[in-house]
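Participant: My structure is below; once you've seen it, I'll send some questions.
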Amino acid sequence: MSAFETVIGLEVHLQLATRTKIFCGCPTLFGSSPNSQTCPVCLGLPGVLPVLNRRTLESGLKVALALNCRIQPALKFHRKNYFYPDLPKGFQISQYDLPLSFEGVLEVPAAAEAPAFAVRIHRAHLEEDAGKLVHKEGSRASLVDYNRAGIPLLEIVTEPDMRTPEEAYRCLQTLKHTLQYLDVSDCDMEKGSLRCDANISLRPAGAKELGVKTEIKNLNSFKHVRNALAYEIRRQQEALSSGGKVIQETRLWDDVKGVTLLMRSKEFAHDYRYFPEPDLVPFVLQSEEIQAVRRTLPELPPARTRRFMEQYGLSSYDAGRLTSEKQLADYFESAVQAGGVPKATANWIQGDLLAACRERNVEILDLKVPAAHLAQLVLLVEHQTVSSRMAKDLLKAMMKTGEAPEPLVKRLGMSQVTDSGTLQAAAQTVVQGNPKAVSDYRAGKRQAIKFLVGQLMARTKGQANPELAHRILESVLKEGA
Amino acid sequence: MPDESLTSHPAHALTNLLRRGKCSPLQATTAYLDRIQALNPKLQALISVDEERAKNRASALLRADAERLPLYGVPVIVKANICTEGFEANCGSNILSGFHPPYHATVVERLERAGAVVLGMANMDEFAFGSSCETSCKGPTRNPWDLDRIPGGSSGGSAAAIAADLGAAALGSDTGGSIRQPAAMCSVVGLKPTYGRVSRYGLIAFASSLDQIGPLTKDVEDSALFMEVIAGLDSHDSTSADVKVPTYRAALRRPIGGMTVGVPKEYFIGGLDPEVERAMKQALAALKGLGVQFKDVSLPHTEYAVPTYYIAATAEASSNLARFDGVRYGRRVPSGNLQEMFENTRGEGFGAEAKRRIILGTYVLSRGYYDAYYAKALKVRTLIRQDFEKVFETCRAIVTPTAPTPAFRLGEKLDDPLSMYLSDIFTISVNLAGVPALSLPCGFTQAGLPIGMQLIAPAFGEETLFHLGSAYEQATDWHLRKPAAVAS
Amino acid sequence: MAFEESEVRYVAALARLSLTDEEIHRFSTQLKQILSYVDKLNQLKTDDISPTSHGIPMQNVFRKDEVIPSLDVEKALSNAPAREGPFFLVPRVIEDA
């Protein structure tokens, strides 16, 4: 067992979905041709001035409230000064000592075999994004595209409250799910709408003081975060165990090689010379305004979990799993509204539907099974029109064709055989045709009836109601005894 | 021969002539262009002129509704740090040589919409860093009253141009006195408006929390007229004030009897040139004759204004000048290495004063020094602002000399930055406090060098300045004198 | 207050400003003089004074989230010292491991 404790904190950059940039009226469409979404302001031409997009503050406020943060009554923007070709003004407009929000908390729900925990949010502040550098292969030049310069970002910084890569992973997932509830960002890591850096340090188990940390960048998915942290723990452990030191530095995750590597420094001295941005005024948030935004917040996972348990009688695990993702919870509720029995509906979603999602790497809404169809399926099983085994096949057919289950059942002739006369005759035939199993059963080997039920199901092409088949076989065997 | 009958008029008189059809906008523009051609080589007040653009615009005005354009056909000059599409806005710096802004500053848009014709860009101290107009990469501007002397700065080109009738009026910018001090040294009227009164959008920033654009004009009425056009809320400038723009000209030519004006003792002590002191005494006597009541007041933190200013202004400037990195515009010193490209572009592109201020400004913001310098300066700024607020509880305005001395000789202070900085000693507090101030001609030295008087009002009190200034102007004729050196 | 040549060098590096040795020497001397003049601010007690970062206090100035047409790409690049197609061109940026 390791003698070290791992301490992990996260920094997430969230691109806020707005029509225009944070300080100018340029559009924010992804994938536009290079430098086609620029103007004198976001190009940092001499003489221009920033004016804050009101929606960025509202969206930021929504996230801050959802993360249970305290809101800064009078917030200010600061200039963070450094040189880089993607930074048009030679400084980034960000926030420093008066950020939008601070001291929040994110509740991470329990997972299959891991308990729930909480991560404190250090702060969440607004800032502008930089442009994009394109490195030309085999050339001594780089290309600059400023379309992204001035896109609104919310930087969310957690406290170093995580102890394992898995906790960091779950924290990020919960954060993403919460953000998706708020509809303030598309949270798409591939488009860079959600970016994450991780800080990690080790300390002797039981120590109070934090060890020297490294910052890991270039984490393009939550899996990378988990893998990079696991690697970094091993690397730091080896350094410390062999009497060496961890050096405070920024490292890049190389997913192909599966290692973190020292990043060449952007700025040889980290002296950002923050000072209040004189081209912007302070922003004073009245508590009524904050309350008004709070009222627009949707029901968030922790509250929704509690309601699902009370209203639908779900277990805390089921309720937590379903509400973790907004679209999952919405889907569940639509199915229940369409008549689906809650517990069975929850089981179908968490079982076959999510398995299919994983298999196909798609979202639940992409499965061609509208919530109303799932509700019908649940009812068909409930009314014993189809057996639960048949229902599984039926669902597969539904996913294939997008048809509702009822017409499919008719078209495919899948109705369950519940006519005892038909089954009685079939059972007679099975008993007569399998003397060995029959005598085993009569000799006390009760298990042998399973074989006979299987034979009966085969004769009815799987359409027999298994319970009924079992009962009828028992009575036929008794009669013949 | 330049047509002086047109170029000697102030803008309000010229536009009236044009409106009455006494001459055409093209004739007025051509008269000024001729005069620029004849005199600018001596003065170097303008660093770029576009005759064709100016003539085209003047001609196009024939189709406009003259009555609705307050600056109908008025030829104007714009300081080279105010973006004007079609002109090089180089700020007097090599690093911006060739920079042609693809947009108009809000003030330029407003001027053109009001019927003004931009003739060209005025010379200036590099990035407005200076009080002498000597640090421009285009060479110094000379004072029309004495070609061996500086015109003041940093809006020295604008002031010299108006004094020499190379334009009907000019725009300048004022961060610590850059409109008022050259106005005083060239005998023109210069206004530093209240912070936020005029949009800064398109003004290439020196110190964002202090900069204001303002007019340099031949008389007070023109100052009021130009402010009616350029002042007012601008959605492109977060710091522009949502305060209604009055009809400033309504404040002109009204009696000033009974108005209480403060005379701060800190502005009338050692270091003041005796001839400036004498002229000020005469000016105060003239105002008294008009019924002004003077009150001895104190602005106790005056001596801290210059150090406060040089911390706050250079800190902001060091950050504002970071964008000049050779990537998107301006001059680049090529290199295969990015860091070298940055360092050499900036090292070769900036002049000595710009470098000095970048070093000082970067230093006062750097780790370990922020609280001792920048944070401290912002607090002292509060004390300076409160000094003014207190005086304005009992006075409608304050009167001071604009500069401690008349124009000095070229090169005299160029290598002595501190003494250069101290020539702004009477103008700097006004920027720190955010209030408006007007400099207007109030006399000449025996050698014929102009002297200016500064009137200061509370925030958004420009009307008071015009009220008081026009009354003084009506009673004197200093503003009517023309420099002999450029008489044709 | 001291302003040694080493500090001039550090600050010049932060500001990406190449300076000659002569400039470093001259600025060190001049800025020493300016800083000792600036030091007179320490005569004032300012513990209870709130800072002024704007001449005229204002707050809550926003714009609506409404699109304003961007510049034409050619106009955006019209002042570029070096370009390639629709991109600005700079010496290679090294940001890898």
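Participant: Considering the range A:279-320 alone, what residues qualify as being part of a helix (DSSP H, G or I), within 14 Å of another protein chain (Cβ to nearest Cβ) and either in contact with a strand residue (DSSP E or B) (Cβ under 8 Å, 6 or more places away or on another chain) or modelled with pLDDT under 90 (or both)?
Facilitator: Listed by number, the list holds a single entry, A:290.
Participant: Condition first: within 25 Å of residue A:218 (Cα to Cα), polar (S, T, N, Q) and touching a His at 6+ places or on another chain (Cβ under 7 Å). Can you find one or more residues in the range A:80-96 that meet it?
Facilitator: Scanning the range A:80-96, I find at least one residue that is within 25 Å of residue A:218 (Cα to Cα), polar (S, T, N, Q) and touching a His at 6+ places or on another chain (Cβ under 7 Å), so the answer is yes.
Participant: What residue, among those in the range B:1-27 that are touching a residue at least 60 places away in the same chain (Cβ under 8 Å) and among the hydrophobic types (A, V, I, L, M, F, W, C), is nearest to residue B:170 (Cα to Cα)?
Facilitator: Out of the qualifying residues, it is B:11.
Participant: A further question on this structure: Under 8 Å between Cβ atoms, which residue pairs at least 6 apart in sequence (or on different chains) link something in the range A:55-73 that is among the hydroxyl-bearing types (Ser, Thr, Tyr) with a partner that is part of a helix (DSSP H, G or I)?
Facilitator: Hits for this filter: A:59/A:182.
Participant: Please state which of the following conditions residue C:93 fails to meet, knowing it meets all the rest: (1) at the interface with chain B (Cβ under 9 Å from one of its Cβ atoms); (2) of a type in the set (Val, Ile, Thr); (3) more than 30 Å from residue A:255 (Cα to Cα).
Facilitator: (3)
Participant: Would you call residue B:208 assigned to a loop (DSSP other than H, G, I, E, B), buried (at least 21 other Cβ atoms within 10 Å of the Cβ), small (Gly, Ala, Ser) and within 14 Å of chain C (Cβ to nearest Cβ)?
Facilitator: Against the criterion (assigned to a loop (DSSP other than H, G, I, E, B), buried (at least 21 other Cβ atoms within 10 Å of the Cβ), small (Gly, Ala, Ser) and within 14 Å of chain C (Cβ to nearest Cβ)), residue B:208 qualifies.
Participant: Still on this structure: Does residue A:112 qualify as being buried (at least 23 other Cβ atoms within 10 Å of the Cβ), of a type in the set (Gly, Ala, Ser) and away from chain B (no Cβ under 14 Å)?
Facilitator: Judged against the criteria, residue A:112 is not a match.
Participant: So, in the range B:194-229, exactly how many residues are within 15 Å of residue C:54 (Cβ to Cβ) and out of contact with any helix residue (DSSP H, G or I) (no Cβ under 6 Å at 6 or more places or on another chain)?
Facilitator: Residues flagged as within 15 Å of residue C:54 (Cβ to Cβ) and out of contact with any helix residue (DSSP H, G or I) (no Cβ under 6 Å at 6 or more places or on another chain) within the range B:194-229 amount to 8.
Participant: Hey, can you tell me all the residues within the range C:58-78 that are at negative phi, more than 9 Å from chain B (Cβ to nearest Cβ) and either part of a loop (DSSP other than H, G, I, E, B) or among the hydrophobic types (A, V, I, L, M, F, W, C) (or both)?
Facilitator: If the condition is that a residue be at negative phi, more than 9 Å from chain B (Cβ to nearest Cβ) and either part of a loop (DSSP other than H, G, I, E, B) or among the hydrophobic types (A, V, I, L, M, F, W, C) (or both), then C:59, C:64, C:65, C:66, C:67, C:68, C:69, C:70, C:73 are the ones that fit.
Participant: Name every residue in the range A:1-54 that is over 25 Å from residue C:84 (Cβ atoms), free of Cβ contacts under 8 Å to residues at least 12 places away in the same chain and either within 14 Å of chain C (Cβ to nearest Cβ) or not aliphatic (A, V, I, L, M) (or both), in order of residue number.
Facilitator: A:47, A:54
Participant: If you scan the range A:78-87, which residues turn out to be farther than 19 Å from residue B:343 by Cβ and either surrounded by fewer than 23 Cβ atoms within 10 Å (Cβ to Cβ) or at the interface with chain B (Cβ under 10 Å from one of its Cβ atoms) (or both)?
Facilitator: Matches in the range A:78-87: A:79, A:80.
Participant: Is it the case, given these coordinates, that residue B:323 is free of Cβ contacts under 8 Å to residues at least 24 places away in the same chain, more than 20 Å from residue C:10 (Cβ to Cβ), within 11 Å of chain A (Cβ to nearest Cβ) and within 28 Å of the chain's Cα centre (by Cα)?
Facilitator: Answer is yes for this residue.
Participant: Take the conditions touching a residue at least 60 places away in the same chain (Cβ under 8 Å) and within 14 Å of chain A (Cβ to nearest Cβ) and apply them to residue B:313. Does it pass?
Facilitator: Considered against the rule, which asks whether it is touching a residue at least 60 places away in the same chain (Cβ under 8 Å) and within 14 Å of chain A (Cβ to nearest Cβ), residue B:313 comes out as yes.
Here's the yes/no breakdown for (1) in contact (Cβ under 8 Å) with a residue 24 or more places away in the chain; (2) within 14 Å of chain C (Cβ to nearest Cβ); (3) among the hydroxyl-bearing types (Ser, Thr, Tyr):
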{"position": "B:193", "(1), (2), (3)": "yes, yes, no"}
{"position": "B:200", "(1), (2), (3)": "yes, yes, no"}
{"position": "B:212", "(1), (2), (3)": "yes, yes, no"}
{"position": "B:217", "(1), (2), (3)": "yes, no, yes"}
{"position": "B:220", "(1), (2), (3)": "yes, no, no"}
{"position": "B:231", "(1), (2), (3)": "yes, yes, no"}
{"position": "B:237", "(1), (2), (3)": "yes, yes, no"}
{"position": "B:242", "(1), (2), (3)": "no, yes, no"}
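Participant: What's the number of the only condition in (1) among the basic types (Lys, Arg); (2) part of a loop (DSSP other than H, G, I, E, B); (3) surrounded by 23 or more Cβ atoms within 10 Å (Cβ to Cβ) that residue B:346 fails to meet?
Facilitator: (2)
Participant: Just for strands (runs of 3 or more DSSP E) wholly inside the range A:95-152: which have at least 1 residues that are among the basic types (Lys, Arg)?
Facilitator: Strands (runs of 3 or more DSSP E) meeting the threshold: A:117-128, A:132-135.
Participant: Shifting gears a bit: Starting from the range C:1-12, take each residue that is closer than 16 Å to residue B:373 by Cβ and list its partners that are modelled with pLDDT under 90 and among the small types (Gly, Ala, Ser), counting only C-beta distances under 8 angstrom and pairs at least six apart or across chains.
Facilitator: C:10/A:269
Participant: To continue, here is another question. Being free of Cβ contacts under 8 Å to residues at least 40 places away in the same chain and aliphatic (A, V, I, L, M) is the filter; apply it to the range B:329-358 and report the residue that is farthest from the other protein chains (Cβ to nearest Cβ).
Facilitator: B:333
Participant: Out of (1) assigned to a loop (DSSP other than H, G, I, E, B); (2) facing chain A (nearest Cβ under 10 Å); (3) within 30 Å of residue A:143 (Cβ to Cβ); (4) out of contact with any strand residue (DSSP E or B) (no Cβ under 8 Å at 6 or more places or on another chain), what's the single condition that is false for residue B:369?
Facilitator: Every condition holds for residue B:369 apart from (3).
The values are calculated or read from the model by the stated rules, or taken from the named source; none is laboratory data. Worth saying up front: this structure is predicted, and the values here are computed from it rather than measured. All Cβ positions, even for glycine, are placed from backbone atoms using ideal geometry, and neighbour counts span all protein chains on display.
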